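K.L.:
Pasting a structure here, questions to come.
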């Protein structure tokens with residue numbers, strides 16, 4: 001029997017995974033190219049350029065041309081146009097065009113608004129001096145299941161505050177709280193100014209305490225608002241002449257120190273001025289001593305865990321886990337040194353001599369006489385100054401003592417020294433102001449308080465390093481048992497230029513409720 005020959009003796013499958021992936025990628029590229037070259041894609045690209053330049057006139061021309069040509073508009077197109085309309089000079093024609101675009105968008109069934117849409121609409125309403133409409137838009141956003149953000153509330157809140165509509169401003173504030181949105185200094189400053197202008201002492205008191213809990217030091221603008229309040233007739237009238245001192249003391253104890261929250265104490269004009277604190281936290285103007293507000297140990301533990309989680313996300317996980325294990329074996333340490341910051345302080349080239357002087361100085365101050373932990377990037381321990389014979393011996397001695405940790409290539413050593421200092425509950429020696437993106441990730445609640453109590457800063461002279469230890473008092477708004485107030489400002493945060501504080505006291509405050517002055521404590 002003859003067999004029919006197979007025309008393809010080596011048959012291949014119809015498609016391999018590689019062929020499928022290649023075809024998919026080709027299709028995706030073709031689809032993207034087609035969109036870029038379509039009328040919608042060209043419009044998006046040109047509108048994005050208008051947004052970058054702030055060119056509203058050209059954006060509106062493009063919009064009108066697109067509508068005349070029946071070009072479909074996407075959510076992105078609308079949001080760029082609305083953003084430009086509410087970011088312009090707020091002239092009436094521009095605002096009117098913004099509302100016109102909103103109406104066209106609402107009539108387009110293919111487009112669903114998002115948070116950016118509602119926020120731009122609220123800004124348009126506020127620019128039209130209609131904060132009620134801006135607030136209504138935020139409520140509609142929430143009702144539609146779109147969580148409002150802080151920026152969503154700003155137009156309504158600032159609009160009500162500027163108009164002196166306290167009921168509206170307080171309603172927005174309450175809605176923010178119900179939505180879990182926390183105000184920051186600009187929002188609290190606006191509320192403070194509006195309530196102060198209205199002479200509402202109760203709400204001024206409440207907002208000052210919100211500032212105390214949210215903002216540790218206030219900007220110059222907020223400081224001036226507070227000073228205007230304390231200098232006003234309404235502030236002189238706010239308060240009581242008699243109060244329960246025991247209740248005030250209980251309030252201070254329950255609040256952790258530094259405030260009592262029982263309302264304005266005393267009556268009459270306030271004595272107001274700018275002041276500084278001496279090294280013991282005694283006000284140079286009124287001789288009142290500020291207190292140190294303790295950090296809850298459980299907060300520190302939670303912070304260390306969250307810090308480790310963040311570091312593991314941004315560093316190579318195995319590297320950071322290895323560091324944690326190393327720290328368990330070699331720690332704890334009384335102090336941690338940001339060695340790159342110390343070795344390069346006022347230096348063009350890294351100085352091991354300068355770093356060693358700080359290491360020895362911290363060791364002498366240590367209760368255990370143990371070397372501090374030196375965190376240094378691996379590129380600093382090989383090559384360059386590290387190869388000098390004396391420096392080699394120094395590096396090796398730190399290694400043998402278990403006091404040097406070289407962070408791996410490609411790492412950010414800030415994560416390592418910060419985690420070590422937090423987990424060991426130790427001091428950290430650095431002049432880094434800790435304000436860049438990494439530290440912003442840590443939030444504004446716990447981290448500033450921790451930094452204030454643990455950062456040691458440095459200056460150098462011919463005699464060697466001078467260590468500027470954490471202050472024995474908390475740099476935060478404080479309300480004393482006697483009713484006086486001290487508000488730290490951003491002005492002066494330097495070793496040579498002390499921080500400026502607003503000092504507000506009353507002549508009617510009872511002498512018995514004042515803490516003893518520094519001189520009287522010394523027996524003078």
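The values are calculated or read from the model by the stated rules, or taken from the named source; none is laboratory data. Small disclaimer: the values here were computed from a predicted structure and weren't measured. Glycine also receives a Cβ, built like all others from the backbone with ideal geometry; neighbour counts cover every protein chain displayed.
K.L.:
Name the helices (runs of 4 or more DSSP H) wholly inside segment 332-406 in which the number of residues that are closer than 16 Å to residue 424 by Cα and touching a strand residue (DSSP E or B) at 6+ places or on another chain (Cβ under 7 Å) is 1 or more. Show your work before the answer.
P.N.:
Details: elements: 339-343, 352-365, 389-400.
Per the criteria, 352-365.
K.L.:
Going through segment 107-122 one residue at a time, which ones are part of a helix (DSSP H, G or I) and either touching a strand residue (DSSP E or B) at 6+ places or on another chain (Cβ under 8 Å) or under 18 Å from residue 76 (Cβ atoms) (or both)? Can you show your working first?
P.N.:
First, pick out the residues of segment 107-122 that are part of a helix (DSSP H, G or I): 115-122.
Across segment 107-122, the qualifying residues are 115, 116, 117, 118, 119, 120, 121.
K.L.:
All but one of (1) surrounded by 13 or more Cβ atoms within 10 Å (Cβ to Cβ); (2) under 21 Å from residue 35 (Cα atoms) hold for residue 118; state the number of the condition that does not hold.
P.N.:
Every condition holds for residue 118 apart from (2).
To keep it simple, each residue is scored yes or no on (1) within 28 Å of residue 288 (Cβ to Cβ); (2) buried (at least 20 other Cβ atoms within 10 Å of the Cβ); (3) in contact with a helix residue (DSSP H, G or I) (Cβ under 8 Å, 6 or more places away or on another chain).
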residue: 407; (1), (2), (3): no, yes, yes
residue: 416; (1), (2), (3): no, yes, yes
residue: 420; (1), (2), (3): no, yes, yes
residue: 425; (1), (2), (3): no, no, yes
residue: 430; (1), (2), (3): no, yes, yes
residue: 445; (1), (2), (3): yes, no, no
residue: 461; (1), (2), (3): no, no, no
residue: 471; (1), (2), (3): yes, no, yes
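K.L.:
Could I ask something else about it? Could you tell me whether segment 72-82 includes any residue that is over 26 Å from residue 125 (Cβ atoms), modelled with pLDDT under 95 and outside any loop (DSSP other than H, G, I, E, B)?
P.N.:
Restricting attention to segment 72-82, the residues satisfying the condition of being over 26 Å from residue 125 (Cβ atoms) are 72.
Restricting the remaining residues to those that are modelled with pLDDT under 95 gives 72.
Adding the requirement that they be outside any loop (DSSP other than H, G, I, E, B) leaves none.
No, the conditions are met nowhere in segment 72-82.
K.L.:
With in a strand (DSSP E or B), within 23 Å of the chain's Cα centre (by Cα) and either buried (at least 20 other Cβ atoms within 10 Å of the Cβ) or touching a residue at least 24 places away in the same chain (Cβ under 8 Å) (or both) as the only criterion, which of 476, 456 stands out?
P.N.:
Working: 476 fails: in a strand (DSSP E or B).
The conditions single out 456.
K.L.:
Just to verify a result, which residue in segment 486-503, among those that are part of a strand (DSSP E or B) and surrounded by fewer than 23 Cβ atoms within 10 Å (Cβ to Cβ), is farthest from the chain's Cα centre (by Cα)? Spell out how you get there, then give the answer.
P.N.:
Of segment 486-503, the ones part of a strand (DSSP E or B) are 486-489, 501-503.
If we keep only those that are surrounded by fewer than 23 Cβ atoms within 10 Å (Cβ to Cβ) too, we end up with 489, 502.
Numbers: 489: 16, 502: 23 Å.
This residue is 502.
K.L.:
Just need a number here: residues in segment 28-41 that are within 24 Å of residue 113 (Cβ to Cβ) and either part of a helix (DSSP H, G or I) or in contact with a strand residue (DSSP E or B) (Cβ under 6 Å, 6 or more places away or on another chain) (or both). It would help to see each step written out before you state the result.
P.N.:
Of all residues in segment 28-41, those within 24 Å of residue 113 (Cβ to Cβ) come to 35, 38-41.
Adding the requirement that they be either part of a helix (DSSP H, G or I) or in contact with a strand residue (DSSP E or B) (Cβ under 6 Å, 6 or more places away or on another chain) (or both) leaves 35, 39-41.
Within segment 28-41, residues that are within 24 Å of residue 113 (Cβ to Cβ) and either part of a helix (DSSP H, G or I) or in contact with a strand residue (DSSP E or B) (Cβ under 6 Å, 6 or more places away or on another chain) (or both) number 4.
Rundown of residues vs (1) closer than 26 Å to residue 256 by Cβ; (2) in contact with a strand residue (DSSP E or B) (Cβ under 8 Å, 6 or more places away or on another chain); (3) modelled with pLDDT of 95 or more, yes/no style:
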residue	(1), (2), (3)
465	no, yes, no
469	yes, yes, no
476	yes, yes, no
479	yes, yes, yes
490	yes, yes, no
499	yes, yes, no
521	yes, no, no
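K.L.:
Of these, 371, 376, 290, 355, which one is closer than 30 Å to residue 274 by Cα and surrounded by 20 or more Cβ atoms within 10 Å (Cβ to Cβ)?
P.N.:
Numbers: 371 fails: closer than 30 Å to residue 274 by Cα; 376 fails: closer than 30 Å to residue 274 by Cα; 355 fails: closer than 30 Å to residue 274 by Cα.
290 is the lone residue from the list that is closer than 30 Å to residue 274 by Cα and surrounded by 20 or more Cβ atoms within 10 Å (Cβ to Cβ).
K.L.:
Among the helices (runs of 4 or more DSSP H) lying completely within segment 199-312, list those that include at least 1 residues that are in contact (Cβ under 8 Å) with a residue 40 or more places away in the chain and closer than 28 Å to residue 450 by Cα. Let's see the steps before the verdict.
P.N.:
Values: elements: 201-214, 220-230, 233-237, 245-254.
Output list reads 201-214, 220-230, 245-254.
K.L.:
May I ask you to list the residues in segment 90-115 that are farther than 23 Å from residue 71 by Cα and either buried (at least 23 other Cβ atoms within 10 Å of the Cβ) or under 29 Å from the mean Cα position of the chain (by Cα) (or both)?
P.N.:
Within segment 90-115, 115 is the sole residue that qualifies.
K.L.:
Keeping to segment 46-56, report how many residues are in contact with a helix residue (DSSP H, G or I) (Cβ under 9 Å, 6 or more places away or on another chain) and either part of a helix (DSSP H, G or I) or closer than 16 Å to residue 74 by Cα (or both).
P.N.:
7
K.L.:
Looking at (1) touching a helix residue (DSSP H, G or I) at 6+ places or on another chain (Cβ under 6 Å); (2) not in a helix (DSSP H, G or I), can you tell me which one residue 129 breaks?
P.N.:
(1)
K.L.:
Moving on to the next point. So which of 194, 167 is exposed (fewer than 15 other Cβ atoms within 10 Å of the Cβ) and under 25 Å from residue 233 (Cα atoms)? Show your work before the answer.
P.N.:
Working: 194 fails: exposed (fewer than 15 other Cβ atoms within 10 Å of the Cβ).
Result: 167 is the single residue among 194, 167 that is exposed (fewer than 15 other Cβ atoms within 10 Å of the Cβ) and under 25 Å from residue 233 (Cα atoms).
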